[in-house]
1. Answer yes or no: is there a residue in region 607-621 that is within 16 Å of ligand 2 (Cβ to nearest atom), in contact with an Asp or Glu (Cβ under 9 Å, 6 or more places away or on another chain) and of a type outside the set (Phe, Trp, Tyr).
2. Taking region 179-229, which residues are of a type in the set (A, V, I, L, M, F, W, C) and closer than 16 Å to Asn659 by Cα?
3. Just wondering, is there one or more residues in region 338-359 that are assigned to a strand (DSSP E or B), among the hydrophobic types (A, V, I, L, M, F, W, C) and in contact (Cβ under 8 Å) with a residue 24 or more places away in the chain?
4. Return the residues of region 381-417 that are in a helix (DSSP H, G or I) and surrounded by 23 or more Cβ atoms within 10 Å (Cβ to Cβ); say none if nothing qualifies.
5. Give the residue, chosen from Gly689, Gly662, that is in contact with a Gly (Cβ under 7 Å, 6 or more places away or on another chain), touching a residue at least 60 places away in the same chain (Cβ under 8 Å) and buried (at least 18 other Cβ atoms within 10 Å of the Cβ).
6. Answer with yes or no whether Ala700 is more than 16 Å from ligand 4 (Cβ to nearest atom), among the small types (Gly, Ala, Ser) and surrounded by fewer than 22 Cβ atoms within 10 Å (Cβ to Cβ).
7. Would a scan of region 494-511 turn up a residue that is without any contact (Cβ under 8 Å) to a residue 24 or more places away in the chain and closer than 26 Å to Ser352 by Cβ?
8. Restricting attention to region 89-116, report how many residues are farther than 26 Å from Ala515 by Cβ and either assigned to a strand (DSSP E or B) or small (Gly, Ala, Ser) (or both).
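The values are calculated or read from the model by the stated rules, or taken from the named source; none is laboratory data. Note that the coordinates shown come from a computational prediction; the quantities given were computed from them, not determined experimentally. Note that each Cβ is placed from the backbone with ideal geometry, even for glycine, and that neighbours are counted across all protein chains shown.
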Amino acid sequence: MPTMHVSDLPIPVSKATDVIGACPHDCPDTCSLVTTVQNGVAAKVHGNPAHPHTDGVLCTKVSRYTERTYHPERILHPLKRSGPKGSGQFEPVSWEVALTDIAGRLKAIATRGPHAAQAILPYSYAGTMGLVQSESIAARFFHQLGASLLNRTICAAAGGEGLVQTLGGKVGMRVEFFAESKLIIIWGSNSIASNLHFWRYAQAAKRNGAKLICVDPRRSETAEKCHEHIALLPGTDAALALALMHELISNDWLDHEYIAQHTLGWEALRERALQWPPERAAQVCGIPVAQITSLARDYGGCMQRGEPAAIRMNYGLQRVKGGGNAVRAIACLPALIGAWRHRAGGVLLSSSSQFPVNKQALQRPDLLAGRAPRTINMVTIGDDLLRAASAEFGPAIEALVVYNSNPVAVAPDSGKVVAGFARENLFTVVLEHFHTDTADYADYILPATTQLEHWDVHLSYGHTDVLLNRPAIAPVGEAKTNTQIFRELAACMGHDDAGFLDPCFTETDESLCRAAYGKAVDFDLLLRQGFATLAIPDAPFAQGGFPTPSGRCEFFSARLQAQGLDGLPDHVPNHEVAGASPAFPLAMISPPARNFLNSTFVNVKSLRDLEGEPIVEMHADDALARAIESGDVVRVFNLRGAYVCKAVISKRARPGVVNGLGVWWRKLGLAGTNVNELTSQKLTDMGAGPTFYDCAVEVATLQAK
Ligand SMILES: Nc1nc2c(c(=O)[nH]1)N[C@H]1C(S)=C(S)[C@@H](COP(=O)(O)OP(=O)(O)OC[C@H]3O[C@@H](n4cnc5c(=O)[nH]c(N)nc54)[C@H](O)[C@@H]3O)O[C@H]1N2
Ligand SMILES: Nc1nc2c(c(=O)[nH]1)N[C@H]1C(S)=C(S)[C@@H](COP(=O)(O)OP(=O)(O)OC[C@H]3O[C@@H](n4cnc5c(=O)[nH]c(N)nc54)[C@H](O)[C@@H]3O)O[C@H]1N2
Ligand code: SF4
Ligand SMILES: [Mo]
């Protein structure tokens, strides 16, 4: 078996040493971590004071990282199922037994015919955002095999596509300059919970006199700390943005020169926006007209005074049918007032396209060698696991290899997902740290290393620094890195398929870290200080130069029109519009809980204690209408399923909308389900993304307090 060169520096064993790493989690902040190691044990993890964005501070979750790494329930050995599917009963086996058996099972499927390997599906997301421990050797392995491809849509697909079609990429303001903004609109983001280090810049701006406005159906921790909160109905953001344009036009708060020089489709957008007077949008959004006109005055006022106005969007607003259009409409706003002229003006949703990652080198799509396997959308895994073979679908899914993800908890429409995972004729391998809801359905669980135990290199979607993660400790128990697991699986496959003996299957993690950016990033600098800042202009679009086909901010997108879609942004109503269904009159959103990261950390007791119990927040009027009291155990339900949790009557909920905070492990919930029992597999307008926050429900008391 190939061995991995874990470090060119020895791992300290005697005196306490600090090792610089990177937070692996799916969070825009990508903090620089410092792990203090004593006698080979990680004693403490803290924020790197030398990294400007981290500024010595971590969130509560990751400051408990050692609790997660040394958790008594950590999986330390390969495990084989010993009870019925889903029972969570396993027995330890050796690595050799596990890998030989898994390779044999995959080979038996793949060698049945020319496209038979498509019955195998990798399922992974961003449990670690590291470029090496996510899609490097794993991608090579599945490409060589000819397995189905996975469309990794579960988080950001609609908004990402909206941004690409408008600005040309996942590009925008540099986050540090928000500190100099005079107006910050925080749109669809609970920054205090999910983008803490941005919030620190916003606080600096506030101290310098900036006005902060939050647009969010929920009165989140962030909304309550802003000067104003616009609590619109879920999925109505494009209507608000179009009405804002209407007001900018009516009052001539426009930067005509910027529009003429650096945008495309102004006349058409103008006509569209004039169909959205504030009265119409107020009706759709369920908010007072005055909130819209006041927001327009603030935004337009910045232009008149020559002050920078900035928008921080996050992915919360695009988990609805019209998510792509909403992001497009909002991304048009800065060009209208010429906000991009300032380094502290513009919009930021994601910075990830700024990073020159060499994906070809890491993932080696050339190993497909002309084969074009089908693509499965990870959002519809529930339906797809239950689909029979057909000419349209191809073979039924027979084997699933899950890593860096917990689909049984996080994918929508859990009833279907669970039924799929429970199939007796599905062979499932899960690479994990813990016995998650997904791992319970595995045939084999393979113990994976955590970020403290492996090399990796990172991009960020909330700032513009590359980070390197050095291993601080040796792997715990018999855990192996994801890369090493796929290297060893490839070696087992290589007995029959020489393709798996290609040297690309023995490349070391350190070499992969170097290959991720090649010469575009100074690797020696990364080794020395753990981070390297990309060279990006302060105000990237001050003189236009958007990375779109036209080089302009595309109000009108010919590419969308060519796909048969609307070339202009518009309000696209939800699949399940709030109040439209008499049986399920409440709109439910399920935003992240502050002390969890998606479903990660739910099993860390100190963090679970901070969250308490699974809850649904309700407005007093909605609770009263149903005779529900705070603390009642309630049943939240629709035609897809039911979720039992505690009701909390709270000012955080607006009338007509309930907030079922996510994403609990099913088995740690009150009745073995979580909020995704209720969400649907319906997709977004662009990008084929999920619609978690586009979900009609009813709530009833199950057991009074
Ligand atoms: N603590 C913590 N941090 C996280 C995560 C976590 O689970 N916990 N998740 C991480 C992940 S995976 C991601 S993708 C990122 C970003 O993650 P996001 O899910 O974007 O997280 P938030 O910034 O909390 O934004 C969600 C906010 O959008 C609001 N919202 C819901 N529907 C709508 C709508 O229709 N319109 C508007 N305007 N707002 C709406 C919600 O009420 C919530 O306050 O954060 C990451 N950071
Ligand atoms: N209802 C509802 N559902 C949602 C959301 C919501 O807001 N509401 N948010 C959605 C969003 S934005 C996202 S991004 C998805 C996230 O969904 P997932 O990407 O599945 O994220 P997590 O739930 O954090 O699960 C990641 C798993 O990866 C494992 N892991 C971490 N590091 C490693 C590693 O190095 N190796 C291996 N083998 N495993 C590792 C962790 O232990 C964890 O169990 O969930 C989505 N689901
Ligand atoms: S989860 Fe986010 S805020 Fe917390 S340490 Fe990681 S990158 Fe930083
Ligand atoms: Mo996400």
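1. Of the residues in region 607-621, the ones within 16 Å of ligand 2 (Cβ to nearest atom) are 607-608, 611, 614-617.
The next check asks that each one be in contact with an Asp or Glu (Cβ under 9 Å, 6 or more places away or on another chain); those that pass are 607.
Still in the running and of a type outside the set (Phe, Trp, Tyr): 607.
Taking every residue of region 607-621 in turn, at least one turns out to be within 16 Å of ligand 2 (Cβ to nearest atom), in contact with an Asp or Glu (Cβ under 9 Å, 6 or more places away or on another chain) and of a type outside the set (Phe, Trp, Tyr).
2. First, the residues of region 179-229 that are of a type in the set (A, V, I, L, M, F, W, C): 179, 183-187, 192-193, 196, 198-199, 202, 204-205, 210, 212-215, 223, 226.
The answer is Ala193, Val215, Ala223.
3. First pass over region 338-359, keeping only residues assigned to a strand (DSSP E or B): 346-348.
Pick out the ones that are also among the hydrophobic types (A, V, I, L, M, F, W, C) and you get 347-348.
Narrowing the set further to residues that are in contact (Cβ under 8 Å) with a residue 24 or more places away in the chain leaves 347-348.
Scanning region 338-359, I find at least one residue that is assigned to a strand (DSSP E or B), among the hydrophobic types (A, V, I, L, M, F, W, C) and in contact (Cβ under 8 Å) with a residue 24 or more places away in the chain, so the answer is yes.
4. As a first pass, look at region 381-417 and keep what is in a helix (DSSP H, G or I): 381-385, 407-410, 414-417.
Ile381, Gly382, Leu385, Pro407, Val408, Ala409, Val410, Ser414, Val417, listed by residue number.
5. On the way: Gly662 fails: in contact with a Gly (Cβ under 7 Å, 6 or more places away or on another chain).
Step by step, each of Gly689, Gly662 is checked, and only Gly689 is in contact with a Gly (Cβ under 7 Å, 6 or more places away or on another chain), touching a residue at least 60 places away in the same chain (Cβ under 8 Å) and buried (at least 18 other Cβ atoms within 10 Å of the Cβ).
6. Details: more than 16 Å from ligand 4 (Cβ to nearest atom): yes; among the small types (Gly, Ala, Ser): yes; surrounded by fewer than 22 Cβ atoms within 10 Å (Cβ to Cβ): yes.
Against the criterion (more than 16 Å from ligand 4 (Cβ to nearest atom), among the small types (Gly, Ala, Ser) and surrounded by fewer than 22 Cβ atoms within 10 Å (Cβ to Cβ)), Ala700 qualifies.
7. For region 494-511, residues without any contact (Cβ under 8 Å) to a residue 24 or more places away in the chain and closer than 26 Å to Ser352 by Cβ: present.
8. Summing the residues that are farther than 26 Å from Ala515 by Cβ and either assigned to a strand (DSSP E or B) or small (Gly, Ala, Ser) (or both) in region 89-116 gives 10.
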